[in-house]
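The values are calculated or read from the model by the stated rules, or taken from the named source; none is laboratory data. All of these numbers come straight from a predicted model, not from anything done at the bench. Note that we place each Cβ from the backbone using ideal geometry, even for glycine, and neighbour counts take in every protein chain shown. Just the protein is used for accessible areas: all its heavy atoms, side chains included, with ligands, DNA and RNA removed. Shrake-Rupley method; radii C 1.70, N 1.55, O 1.52, S 1.80 Å.
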Amino acid sequence: MSPRPSQETRDDAKQRVSALKKVRDQAHEDAEKAKAAADEQMWKDIAAELDAGTLLQADVCEATGFSRDHVLRRTKQYRTN
């Protein structure tokens, strides 16, 4: 059995673990921001397609698997007509 680590060793290790946690938390935050940006861009682009008349809302539902209500709610803020 190894000897118990000194308080200084433990404190140093806790600081390293804290730093690791901060890196992880930042990576999670960055991933969530990237996900939100990708979602927003997708709905803007879908809204532009709908506004251009190149497809119908039913086509979006078929292509994405989302309900008509969901498509309406997510694109409404980006629609121009």
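So Met42 clears everything in (1) touching a helix residue (DSSP H, G or I) at 6+ places or on another chain (Cβ under 8 Å); (2) part of a helix (DSSP H, G or I); (3) not small (Gly, Ala, Ser) except one condition, right? Which one? Single failed check for Met42: (1). Examine the range 3-11 for a residue that is among the small types (Gly, Ala, Ser) and either open to solvent by 100 Å² or more (accessible area, probe 1.4 Å) or more than 30 Å from Ala63 (Cβ to Cβ) (or both), and state whether such a residue exists. The answer is yes; a qualifying residue exists.
Assess whether Lys35 counts as being closer than 30 Å to Thr64 by Cα, basic (Lys, Arg) and either outside any helix (DSSP H, G or I) or free of Cβ contacts under 8 Å to residues at least 40 places away in the same chain (or both). Judged against the criteria, Lys35 is a match. Across the range 31-47, the qualifying residues are those that are open to solvent by 70 Å² or more (accessible area, probe 1.4 Å) and acidic (Asp, Glu), and the one among them that is nearest to the chain's Cα centre (by Cα) is Glu32. For first residues located in the range 51-76 and within 15 Å of Glu40 (Cα to Cα), partners that are among the polar types (S, T, N, Q) and open to solvent by less than 70 Å² (accessible area, probe 1.4 Å) and lie 6+ apart or on another chain with Cβ distances below 9 Å form the pairs His70/Thr64; Val71/Gln57; Val71/Thr64; Leu72/Gln57; Thr75/Gln57.
Quick grid of which residues meet (1) among the aliphatic types (A, V, I, L, M); (2) open to solvent by 60 Å² or more (accessible area, probe 1.4 Å):
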site	(1), (2)
Met1	yes, yes
Ala13	yes, no
Glu29	no, yes
Asp51	no, no
Leu55	yes, no
